[in-house]
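Worksheet: one structure, shown below.
The values are calculated or read from the model by the stated rules, or taken from the named source; none is laboratory data. Because the structure is predicted, anything quoted here is derived from the model rather than measured. No Cβ is skipped: glycine too gets one built from the backbone with ideal geometry, and neighbour counts run over all protein chains shown. Protein only, heavy atoms only, side chains kept; ligands, DNA and RNA dropped before computing areas. Shrake-Rupley method; radii C 1.70, N 1.55, O 1.52, S 1.80 Å.
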Amino acid sequence: MPMLLKGSCRCGAVRFEVQSHTPVPYQLCYCSICRKQQGGGGYAINLGADSATLKVEGESHLGLYRATVHDDERPRPEVSTTERRFCLRCGAAMWLYDPTWPELVHPFASAIDTDLPKAPQRVHLMLKYKASWVEPDIRPGDTAFELYPPDSIADWHKRRDLWVQ
């Protein structure tokens, strides 16, 4: 059975729960969107979950943000399809959803109140766009990528026998 993740914002106006086969917080994203919208340490950690199981309390307190992306891969600014949800009261980032993959929702590990499994290793991604002040703590066994890693969140979990049935 998938792991039940329970999460909330800082002020408690928004609470949610969702089922996850991929609950290990292993992927550190250094892109400017994640860093500025959620990552105080210079990165954010997204988990994977089944969007059909998402239950939300306090939905009226949720804001929606779609970033405009303009980087080396997109020379012309374009509005991302990714919907980032946050609490309108306290500003806490909650999850992101992209209709390109409607079966998935990606809660931010920082919003999860449930104890999460410890990652046996980490993946550092989007290092090309990290802030100049950030010194990634890349440990033995970790992998690092200028852009995206080849494995999806699901593939990474399955390869390491961490997929939660």
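Descriptive notes on the structure:
- Index of the failed condition, LEU127 passing every other in (1) more than 18 Å from ILE33 (Cβ to Cβ); (2) out of contact with any His (no Cβ under 9 Å at 6 or more places or on another chain); (3) aliphatic (A, V, I, L, M): (1)
- Count of region 134-165 residues which are part of a loop (DSSP other than H, G, I, E, B), open to solvent by less than 90 Å² (accessible area, probe 1.4 Å) and under 24 Å from GLY40 (Cβ atoms): 8
- Where strands (runs of 3 or more DSSP E) sit wholly within region 55-109, those with at least 1 residues that are of a type in the set (D, E, K, R), without any contact (Cβ under 8 Å) to a residue 24 or more places away in the chain and open to solvent by 50 Å² or more (accessible area, probe 1.4 Å) occupy 74-79, 83-87.
- Output for region 1-14, where each listed residue is assigned to a loop (DSSP other than H, G, I, E, B) and either open to solvent by less than 50 Å² (accessible area, probe 1.4 Å) or within 25 Å of ARG160 (Cβ to Cβ) (or both): MET1, PRO2, CYS9, GLY12, ALA13, VAL14
- Complete set of residues in region 110-123 that are surrounded by 12 or more Cβ atoms within 10 Å (Cβ to Cβ) and over 19 Å from GLN19 (Cα atoms): GLN121, ARG122, VAL123
- Total residues in region 17-54 satisfying the condition of being without any contact (Cβ under 8 Å) to a residue 60 or more places away in the chain and under 17 Å from ASP151 (Cβ atoms): the figure is 0.
- Test for TRP95: is it among the aromatic types (Phe, Trp, Tyr) and farther than 20 Å from CYS31 by Cβ: no
- Restricting region 15-44 to residues that are hydrophobic (A, V, I, L, M, F, W, C) and out of contact with any Leu (no Cβ under 6 Å at 6 or more places or on another chain), the residue that is most open to solvent (accessible area, probe 1.4 Å): ILE33
- Only a single criterion out of (1) open to solvent by less than 20 Å² (accessible area, probe 1.4 Å); (2) within 14 Å of the chain's Cα centre (by Cα) is not satisfied by ALA131, namely (2).
- Yes/no for GLY48 being surrounded by fewer than 18 Cβ atoms within 10 Å (Cβ to Cβ) and either in contact with a Phe, Trp or Tyr (Cβ under 7 Å, 6 or more places away or on another chain) or among the small types (Gly, Ala, Ser) (or both): no
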